[in-house]
């Protein structure tokens, strides 16, 4: 009989807090210091300061990477899976719980940093929208790094490269380039990170289906790899 992983939640939260949580705290403090030192210059009818949102967007990216980097690969590389799964615990459920816990940590950290930004920018900075976009962003980038972590120790680095590639292609498309050919195909294949920028409205309709479907597919693929790949093949390359 498979043991529910909930009994490990307390220890999982502790490991997250003393590991990725410290990095997230450092990034959050740096962002808050930047917010406190910047002069608020609003633009547009929304009254939001774009530089604050740009910092917040970068911060959410860092949070998502820190929350998921090495999530699976570190356990297998260091051999921890032998202890973790010595009892009949479902590996897919265990890592799904860890991934969801990372998402909760990202939302909490984003709330703290977002409130610090709102104190400078004002009520026009909509926290509900920012948290919704942060959750969708974690679903995409966190889901991608989760999947990568099942097959590679360089999961977070590949995630950074994907973010950079998507941003570069998005900029090129906005300037009228990379709209056709291989660049256009690559942009379409990459996770739709451009739809979940904290400065933009929450996607709706087909765009929302695209984001959620893509993210769930990434998480589902990660769980399938964990389920089907023998645990003994744990030294991820």
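The values are calculated or read from the model by the stated rules, or taken from the named source; none is laboratory data. Just so it is clear, the structure is predicted and the values come from calculations on it, not from any experiment. So basically every Cβ, Gly included, is an ideal-geometry build from the backbone, and we count neighbours across all protein chains shown.
Summary of computed values
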read-out: Qualifying positions in segment 46-60 - out of contact with any helix residue (DSSP H, G or I) (no Cβ under 8 Å at 6 or more places or on another chain) and modelled with pLDDT under 80; value: 46
read-out: Helices (runs of 4 or more DSSP H) wholly inside segment 114-194 that include at least 1 residues being farther than 30 Å from residue 229 by Cβ and in contact (Cβ under 8 Å) with a residue 24 or more places away in the chain; value: 127-137, 155-174
read-out: Candidate set from segment 7-38 (those that are touching a residue at least 12 places away in the same chain (Cβ under 8 Å) and within 22 Å of residue 89 (Cα to Cα)); member that is surrounded by the most Cβ atoms within 10 Å (Cβ to Cβ); value: 16
read-out: Selection from segment 106-135 of residues that are within 10 Å of the chain's Cα centre (by Cα) and buried (at least 21 other Cβ atoms within 10 Å of the Cβ); value: 106, 134
read-out: Hits in segment 185-212 (condition: surrounded by fewer than 12 Cβ atoms within 10 Å (Cβ to Cβ) and within 26 Å of residue 155 (Cβ to Cβ)); value: 185, 188, 189
read-out: Given (1) modelled with pLDDT under 75; (2) under 20 Å from residue 13 (Cα atoms), number of the condition residue 123 does not satisfy; value: (2)
read-out: For residue 95: the one exception among (1) closer than 18 Å to residue 228 by Cα; (2) at pLDDT below 85; value: (2)
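Conditions tested, residue by residue: (1) modelled with pLDDT of 85 or more; (2) farther than 18 Å from residue 21 by Cβ; (3) surrounded by fewer than 23 Cβ atoms within 10 Å (Cβ to Cβ).
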position: 67; (1), (2), (3): yes, no, no
position: 104; (1), (2), (3): yes, no, yes
position: 166; (1), (2), (3): yes, yes, yes
position: 177; (1), (2), (3): no, yes, yes
position: 183; (1), (2), (3): no, yes, yes
